[in-house]
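Colleague: Following this message is one structure expressed as structure tokens.
The values are calculated or read from the model by the stated rules, or taken from the named source; none is laboratory data. Nothing here was measured: the structure is a model prediction, and the numbers come from that model. We place every Cβ from the backbone using ideal geometry, glycine too, and count neighbours over all the protein chains shown.
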Amino acid sequence: MKQRIGIDVDGILRNFSFDLYEVIKEHYPEYIKNGSDKVYSVEETMVHWNLESSFNATREEVKRIYREEFAEKILGNGTPFKENVDYLREQIKKDEHTFVAVTSQHPICRHHTLTWLGNQGLGFQSVYFRKGRNKWQVEIDYLIDDSPVNYKYWKDGRQNDDDFILLDRPYNQKVNPKHRVFNLREAGGIIL
């Protein structure tokens, strides 16, 4: 029987934080905090959705920017992590395992994510839209994710972290999972 491998989208396949930051810098420069020219300073707080700490704007305003005004640019045409997308596309074509997307996306912009996945040539068996706190409930053998919050929910829900693979990012350094990787190829070495 094929293993079912769940892959998160933002932070793993699509560089959401970078694109959001670039859009805000270009269209709303007054929202950029002084000295906040590094994407990672934005990513760290965005993982916890503390958007008002990332920008000089309310959380609702930042959500409006990426969910409505610039959703197509940020979500529908977002920047891929090319190395990860290329590797995953190869693995999906091999058809040795079942790959599913497990991602938290607001209902009004899910179609942008589906379009983006299609444009990347990622033919997932299924796409599950789940909040981070519910990802552990999806019937999969492994989850590859970058969020320290999702890691906590996974570990609490499944009572271990054996089947959670954390993709290394600057904002998840305080988490000590059993499996930490720098790209999907390394994750494949654990799973495949």
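Colleague: Tell me, yes or no, whether the range 75-83 has at least one residue that is in contact with a Lys or Arg (Cβ under 8 Å, 6 or more places away or on another chain) and more than 23 Å from I24 (Cβ to Cβ).
Modeller: Yes, the range 75-83 contains at least one residue that is in contact with a Lys or Arg (Cβ under 8 Å, 6 or more places away or on another chain) and more than 23 Å from I24 (Cβ to Cβ).
Colleague: Across the range 101-119, what is the total count of residues that are more than 12 Å from the chain's Cα centre (by Cα), surrounded by 19 or more Cβ atoms within 10 Å (Cβ to Cβ) and not aromatic (F, W, Y)?
Modeller: We begin by selecting, within the range 101-119, every residue more than 12 Å from the chain's Cα centre (by Cα); these are 106-112, 114-119.
With surrounded by 19 or more Cβ atoms within 10 Å (Cβ to Cβ) added as a condition, the list becomes 112, 116-117.
Those left that are additionally not aromatic (F, W, Y): 112, 117.
Adding up the residues that qualify gives 2.
Colleague: Of the residues D141, D145, D162, D156, only one is acidic (D, E), at pLDDT 95 or above and touching a Gly at 6+ places or on another chain (Cβ under 8 Å); which?
Modeller: Details: D141 fails: touching a Gly at 6+ places or on another chain (Cβ under 8 Å); D162 fails: touching a Gly at 6+ places or on another chain (Cβ under 8 Å); D156 fails: touching a Gly at 6+ places or on another chain (Cβ under 8 Å).
D145 is the lone residue from the list that is acidic (D, E), at pLDDT 95 or above and touching a Gly at 6+ places or on another chain (Cβ under 8 Å).
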